[in-house]
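See below for the structure under consideration.
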Amino acid sequence: MADQIKKDQLKEIEANSGESYIKFVKRQFRKSTFGVISLYIVTVIGFVAVFADFLANDKPLIASNKGEIVFPVIKEYGVMMGIAEWGSEYVTSTWKDIAFDWAVFPPVPFAPSSTDKNLVSLKERAPSAKHWLGTDDIGRDVMAGLIHGSRYALSIGFVAMSIALLIGIILGAVAGYFGGMTDIVISRLIEIVITFPRFFLIITIVAMVEQGSLWLIMAMIGLTGWTSIARFMRGEVLRVRNLDYISAATSFGFSTRRILFRHVLPNSIAPVLIYAAFGIVSAILFESALSFLGFGVPPTVVTWGSVLFKARSSTYSWWLAVFPGFMIFLTVSAFNLIGDALRDATDPRLRS
């Protein structure tokens, strides 16, 4: 019955307005020029992250070896998953030296970890026709690092934010719906966690681990970033639980779990999810700052922050600071603008 009441209310709203809420949000979002442009930018970065191995790699995309057509980049995934093995003729770190009949390499024919040992002077490591964005002090291609670094940046942002959302939504919903002592206990827990300086807490924990880990960084950012989500979720649940259709569901004897997960959460979570765009920005900045200070991922993992870290020891290598810094700025600005556009698009006061 409660579901029917809610559906009737939505139908009435749509009939009065002439469009659904989702269509309204899309229409309002498209009014934000910067929001739309930012969405395209994030889409391109996501595309680069997904297909990074096909855009920057020291292995050929396709090659012919003694008349046999091989796909080294694709097979690499099988080797990593343990379902394939490299033949003895391919067990090498210098793929360009293999006598292929012919080979097609990616647009950037370098892996993020491969080094060009022929570069000695600072001038040779600068941007050139061979290395478009230059190399770091040990000869690793910067552009390859930025392409593969986009994967780590988005992974850290989305995974860390997913952890924070899961914890924050559950605790905030429980606190707002049940109230009383439950609300007091969870609210005090939120206040205790907030009192800890988040950045220095993460540095302390990461520094205690002998070898840094990407998953550890994700977990720590997520486990320390849920408090604002929980407080926001609590406020939304406090508002929703007093609406008529919740009272109707309670009067019909529906279980607490059904009311909470089928009626309260779906109607409270939308504004909270918008906060996720800003949370992703925070996670990316945290990882970049940790890597810049030398507390981030292992040295073998190339991220935007780790490239910036190399700029500290090579003052005259301006490209090590400019290009990764620009990528961080571009990504952070894009997510912020998307969050602003979504916040404005979901404002019911803009609905005519």
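So here's what we get for this one:
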read-out: Selection from region 90-127 of residues that are touching a residue at least 60 places away in the same chain (Cβ under 8 Å) and over 24 Å from residue 151 (Cα atoms); value: 122, 125, 126
read-out: From 119, 133, residue being modelled with pLDDT of 90 or more and surrounded by 15 or more Cβ atoms within 10 Å (Cβ to Cβ); value: 133
read-out: Boolean, residue 25 is in a helix (DSSP H, G or I), out of contact with any His (no Cβ under 6 Å at 6 or more places or on another chain) and at pLDDT 80 or above; value: no
read-out: Checking residue 250 against (1) closer than 30 Å to residue 141 by Cα; (2) without any contact (Cβ under 8 Å) to a residue 12 or more places away in the chain; (3) among the hydroxyl-bearing types (Ser, Thr, Tyr), the condition it does not meet; value: (1)
read-out: Residues (of a type outside the set (Gly, Ala, Ser) and assigned to a loop (DSSP other than H, G, I, E, B)) located in region 104-121; value: 105, 106, 107, 109, 110, 112, 116, 117, 118, 119, 120
read-out: Test: residue in region 304-314 that is assigned to a loop (DSSP other than H, G, I, E, B) and closer than 30 Å to residue 137 by Cα; value: yes
read-out: Selection from region 315-341 of residues that are part of a loop (DSSP other than H, G, I, E, B) and of a type in the set (Gly, Ala, Ser); value: 317
read-out: Residue list for region 306-343, filter: free of Cβ contacts under 8 Å to residues at least 24 places away in the same chain and touching a Leu at 6+ places or on another chain (Cβ under 8 Å); value: 308, 309, 311, 321, 325
read-out: Of residues in region 290-327 being small (Gly, Ala, Ser) and closer than 13 Å to residue 156 by Cα, the one surrounded by the fewest Cβ atoms within 10 Å (Cβ to Cβ); value: 291
read-out: Subset of region 242-270 (residues that are crowded, with 19+ Cβ neighbours inside 10 Å and of a type in the set (S, T, N, Q)); value: 268
read-out: Among (1) among the aliphatic types (A, V, I, L, M); (2) touching a residue at least 40 places away in the same chain (Cβ under 8 Å); (3) part of a helix (DSSP H, G or I), the one test that residue 297 misses; value: (3)
read-out: Answer from 214, 166, 238 - the residue that is surrounded by 15 or more Cβ atoms within 10 Å (Cβ to Cβ), assigned by TED's automatic domain parsing to the domain that holds residue 269, within 30 Å of residue 298 (Cα to Cα) and not hydroxyl-bearing (Ser, Thr, Tyr); value: 214
read-out: Failed condition for residue 130, given (1) free of Cβ contacts under 8 Å to residues at least 60 places away in the same chain; (2) assigned by TED's automatic domain parsing to the domain that holds residue 234; (3) not small (Gly, Ala, Ser); value: (2)
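Residue-by-condition table, conditions (1) at pLDDT below 85; (2) within 24 Å of residue 168 (Cα to Cα):
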site	(1), (2)
207	yes, no
231	no, yes
243	yes, yes
268	yes, yes
273	yes, yes
276	yes, yes
286	no, yes
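The values are calculated or read from the model by the stated rules, or taken from the named source; none is laboratory data. Because the structure is predicted, anything quoted here is derived from the model rather than measured. Here the Cβ is made from the backbone with ideal geometry for all residues, glycine too, and neighbour counts use every protein chain on show.
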